[in-house]
Each structure stands twice: as C-alpha cells, then as structure tokens.
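Each remark here refers to the structure printed beneath this line.
The values are calculated or read from the model by the stated rules, or taken from the named source; none is laboratory data. On a predicted model such as this, the values are computed, not experimentally measured, just so you know. All Cβ positions, glycine included, derive from the backbone under ideal geometry; neighbour counts span all protein chains shown. Ligands, DNA and RNA are excluded from the accessible area calculation, which covers all protein heavy atoms including side chains. Shrake-Rupley method; radii C 1.70, N 1.55, O 1.52, S 1.80 Å.
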Amino acid sequence: MEYSMIKEASQYIEEKLKNKPVIGLVLGSGLGVLADEIQNPVVIPYNEIPHFPESTVSGHKGQLVVGELEGKQVLAMQGRFHFYEGYTMQQVTFPIRVMKELGITSLIVTNAAGGINESFNPGDLMIITDQINNMGTSPLIGPNDEQMGARFPDMSSAFDKAYIENALMAANDLGLQVQKGVYVGNTGPAYETPAEIRMLRTWGGDAVGMSTVPEVMVANHANMRVLGISCISNMAAGILDQPLTHDEVIDTTNKVKQDFLQFVKKIVQTLSF
Ligand code: HPA
C-alpha cells in the first residue's frame, strides 16, 4: 500500500473533523452498536474515502464514526474488512495505516470469536493477551517502508501489557467477570472442524475468529499500543452438540451488548496514551 494512498485517505478524513481522534476502535460483528454511543459524531461511509474498500458481510455497516466517547476523541470503524471477503491483506489493514497517519497511537480491536477454552461460555468477554496468526500469510509481506515500521517488527507484546491491566481494572470496577486468553486468527469463511479446534487448543488458543490478527500485526508494525477484546459468541466446533451459525454469533453479541458497551466505555475513560 503506497504512502500516497494512505495520505489521501487521511487527508479526506481530517478535512471533515474538528478534533483530532486519539483512540482507534475496530468494532467487530454485532458490536457496531458502540459507535451509536459516540457524541457529536461525524459519520463517513467507507465508500466516500479514497482507496477504502467497502465492507460486505451482514452485521457490519461500513462507516467511520468519529467523535467523543467518555470525554475522549475516538475514531470507530463500524464494520471491518475481512480477508475472507477477498480483500488483500493490505486492504484489510489499510484503515489501521490511515489511523496512524491521523495521529492515532492507541487501538482497541474487538471481534466475535468462538470459544476454544472449555471453561468459557457464550456471552463471555475475553481480554486478548496474545494472538496466533494461522492465516498462512502476513500483511507485512512485501517491500518494507522503514518510515512505516521495522522490517522485522517485534511481536513479543503485541497486546499492550498496561492496557491489559487497565481493562482488567475496568472489568473489576464494573463487577464484570471477564476472561483472558489467546486469540487464533483463521482465514474463514468456513467455521472450523472439531479436529481443527482440538488442534488449536493444543496450540494454546482460547478463542478463534476470522479477523483481528492482520490489524494487530500492522498496528504493531506502526508502533501503536493495542488492546483486544473478543466477545465469545459461541463455543467452537465440536464442543457442544450443535452446528455453528452466523445467526448465533449475532444473537449472542446482541445479548451481551450492554456489558460490552459498559466495558469498552470504562476502558476508554481510563486509557492512557
Ligand atoms: N470460528 C471462527 N470464527 C468465529 C467463530 C468461530 O467459532 N465465532 C465467531 N467467529
């Protein structure tokens, strides 16, 4: 992705804003409602922004919502781009580059994920402590622009340790029981087989989904501090004796909406950057 494209997109967005956003939010499947909480929002549909792809999956709106949340200026993506939609890894992660160009150095990524850890329950919120890239590729493949980040970026604290503590404290303040764990990113779009889930469990995965991993890699490459939250929308394949459906994913995220909203708002309130 060329720098000029990132610049054009960020300039287009900047011209519409009165205030500089400091926190980026990526809202996953069924979690876009958080954007409705943003005060004095400037809404920018993705299809208006130069070089932005358009999002296609149901449950995703496809717009930026920029404004104030808990007294902080935030830029939220209501809907993200998935690799399984056919976008390149560069397209999937383009908005993260644009966020960085806008001056955002703190990123909160959210997603719906299947629970691999058998002590989890659908509806649980999980703070992501680490991730496994099982997508078979990387958004960082190709020539490296040193202005954007290192050729061989460190991923040993891909999720900011202080932000994890911050999120745990926020949960505690709210009396919310949350889980911690490792997120595995698969390409999708098929859900996993039970055998795959058993494999991912031996790898140390606690939750599995079809997003987040590329965005987090690019955010780390760009030296951004990242916090990740998964909404466990279902138990992964083979754990319960029932098929997996996208409707279940959306139903569960709708049920935990209030907890999710309270949690992220509390985090935003207390986040340092
Ligand atoms: N697997 C992969 N992605 C998902 C799942 C799942 O079980 N649930 C929500 N996204």
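3J(HN,Hα) along the range 8-18: 4, 5, 5, 5, 4, 5, 4, 5, 8, 9, 8 Hz, from the Karplus curve 6.51 cos²θ - 1.76 cosθ + 1.60 with θ = phi - 60°, whole Hz, x for Gly and Pro. Of the whole protein surface, residue 101 contributes about 50 Å² of accessible area at a 1.4 Å probe radius.
Helical runs (DSSP H, four residues minimum) scored at -39500 (n - 2.57) apiece and divided by the length of the chain put the mean residue ellipticity at 222 nm at -9500 deg cm²/dmol.
Around residue 229, which amide H atoms from residues at least 5 apart in sequence, or from another chain, sit under 5 Å from its own amide H, with H modelled in the peptide plane? Amide H neighbours of residue 229: 109, 110, 111, 128. Scanning residues 5 or more positions from residue 25 or on other chains, those with amide H under 5 Å from its amide H are 75, 76, 77, 108, with H placed 1.01 Å from N in the peptide plane. Contact order, relative form, for the range 5-121: 37 percent (alpha carbon pairs under 8 Å, 6 or more residues apart, mean separation divided by residue count).
Protein heavy-atom accessible surface, 1.4 Å probe, per residue over the chain: 43 Å². Less than 5 angstrom separates the built amide H of residue 124 from those of 232, all sequence-distant by 5 or more or on a different chain. With θ taken as phi - 60° and the Karplus curve 6.51 cos²θ - 1.76 cosθ + 1.60 applied, the whole-hertz 3J(HN,Hα) list for the range 235-245 is 7, 4, 3, x, 7, 9, 7, 7, x, 9, 9 Hz, x standing for glycine and proline. In order along the range 105-117, the phi-based Karplus estimate (6.51 cos²θ - 1.76 cosθ + 1.60, θ = phi - 60°) of 3J(HN,Hα) comes to 10, 10, 10, 10, 9, 10, 7, 9, 9, x, x, 8, 5 Hz; Gly and Pro are listed as x.
Could you put 193, 212 in order of accessible surface area, largest first, with the 1.4 Å probe and the full protein assembly present?
Accessible-area ranking of 193, 212, largest first: 193, 212.
Computing the accessible area with a 1.4 Å probe over protein heavy atoms, can you report the carbon and sulfur percentage for the range 193-273?
Result for the range 193-273: 50 percent of the exposed heavy-atom area is carbon or sulfur.
Of 145, 160, 206, the residue with the greatest mean-square motion in the GNM of the chain, using alpha carbon springs below 10 Å, is 145. Name the lysines eligible as straight-distance cross-link partners of residue 16: C-alpha to C-alpha under 25 Å, and not fewer than 8 places from it in the same chain. Result set, ordered by chain and number: 7, 61, 72, 100, 265. Straight Cα distances below 19 angstrom link residue 257 to the aspartates and glutamates 36, 37, 70, 124, 173, 247, 248, with same-chain residues fewer than 8 positions distant left out. Think of the chain as a dipole: +1 on every Lys or Arg Cβ, -1 on every Asp or Glu Cβ, centred on the Cα centre; then among 269, 32, 164, 269 lies furthest on the positive end. Ligands, DNA and RNA left out, the 1.4 Å accessible surface of the range 65-178 is 47% carbon and sulfur atoms.
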